[in-house]
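**Q** I'd like to ask some things about the structure below.
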Amino acid sequence: MERKEALEIVKAQLTEHRYVHTVGVMETAIELAKQYGADEKKAELAAIFHDYAKFRPKEEMKQVIVEQKMPSELLEYNGELWHAPVGAFLVEKEVGITDSEILDAIKYHTSGRPGMTLLEKVIYLADYIEPGRHFPGVEEVRELAKEDLDTALIKSVQNTILFLMKKNQPVFPDTFHTYNDLITNRR
Ligand code: DGI
Ligand code: FE
Ligand code: FE
Ligand code: FE
């Protein structure tokens with residue numbers, strides 16, 4: 001699928017603000033893919049569709065999680081986590097993208113997972129550092145991303161966990177598992 005068509009499809013699903021974020025993720029993901037040797041075309045499409053389900057009603061997302069037998073643990077945690085796996089499902093069903101690497105990059109873009117692929121790392125990090133993001137620590141991660149993908153990724157997962165803990169929010173276990181896997185296997 002061409003970029004223009006993909007952007008038109010996703011634009012209809014998003015607010016203007018979220019669409020601008022999506023274009024930022026797309027540009028950043030392509031840069032990171034070039035830099036670290038990931039598939040640029042897959043990075044482009046995964047980035048364009050990563051937040052496809054962001055504005056679906058919570059009830060609809062819950063129904064997909066149950067019907068598709070996704071981990072029911074998801075339902076016990078922040079509903080903000082749901083748009084990633086539900087998005088992967090809907091992008092396949094409604095948009096017709098079948099590439100499992102692209103779908104997994106969408107599926108794991110919020111929590112990460114142990115053993116993330118290069119493409120999954122690129123999308124996770126691009127989502128975190130795209131130019132429209134402004135939060136404490138983002139500039140440090142942007143700098144790290146120029147040097148080493150895993151170091152940047154570890155910092156962004158750490159920041160996410162610390163941010164949630166400071167707000168007394170639960171942390172989804174896969175987020176911890178992602179952190180443990182990256183910190184254990186870093187070279
Ligand atoms: O969709 P985006 O806003 O672009 O970014 P995202 O998909 O990375 O994250 C969406 C939200 O999910 C964000 O507000 C923080 C929240 N989140 C991320 N990881 C966890 C989490 N919430 C909980 N409870 N636990 C997590 O591990
Ligand atoms: Fe997201
Ligand atoms: Fe993210
Ligand atoms: Fe996003």
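**Q** So between ASN185 and GLU80, what do we pick up on full extension, going 0.36 nm a residue minus the alpha carbon distance?
**A** 35.0 nm
**Q** To the nearest 20 debye, what charge dipole does segment 3-136 have about its Cα centre, counting +1 at the Cβ of each Lys and Arg and -1 at the Cβ of each Asp and Glu?
**A** Approximately 80 debye in magnitude.
**Q** Can you give me the distance in nm between label points at GLU140 and LYS166, each placed 7 Å from the Cα along the Cα-to-Cβ direction?
**A** 1.0
**Q** Picking from TYR108, TYR128, TYR19, which is most flexible by a Gaussian network model of the chain using Cα springs under 10 Å?
**A** TYR19
**Q** Starting from the Cα-Cα distance between GLN68 and GLN35, subtract it from 0.36 nm times their residue separation and give me the gain in nm to one decimal.
**A** 8.3 nm
**Q** Also, I was wondering about something else. Can you pull the percent of the chain's accessible area that's carbon plus sulfur, 1.4 Å probe, other chains left in place?
**A** With neighbouring chains kept in place, the figure for the chain is 52 percent.
**Q** Take the Cα coordinates of segment 3-136, assign each an equal point scatterer, and use the Debye formula without solvent to give log10 I(q)/I(0) at q = 0.11, 0.21 Å⁻¹.
**A** -0.35, -1.29
**Q** Quick one: net charge of LYS146's neighbours, Cβ under 14 Å, K/R +1, D/E -1?
**A** Spelling it out: positives minus negatives among the neighbours equals -4.
**Q** For the chain, list the DSSP H helices whose alpha carbon atoms reach 20 Å or more along the long axis and whose average Kyte-Doolittle value is -1.0 or above? Working shown, then result.
**A** Numbers: long enough: 16-36 (30 Å, -0.32); 149-166 (25 Å, 0.80).
TM-like helix candidates: 16-36, 149-166.
**Q** Can you give me the C-alpha center-to-center distance between segment 120-174 and segment 1-70, rounded to a whole angstrom?
**A** 18
**Q** Once you've got the Cα coordinates, tell me which of LYS41/LYS166; LYS107/LYS146; LYS93/LYS166 are over 32 Å apart. Show your work: numbers first, answer last.
**A** Numbers: LYS41/LYS166 37 Å; LYS107/LYS146 25 Å; LYS93/LYS166 37 Å.
Pairs exceeding the cut-off: LYS41/LYS166; LYS93/LYS166.
The values are calculated or read from the model by the stated rules, or taken from the named source; none is laboratory data. The model shown is predicted, which means the values in this text are computed figures rather than measured ones. All Cβ positions, glycine included, derive from the backbone under ideal geometry; neighbour counts span all protein chains shown. The area values use the complete protein model at the heavy-atom level, side chains included, leaving out ligands, DNA and RNA. Shrake-Rupley method; radii C 1.70, N 1.55, O 1.52, S 1.80 Å.
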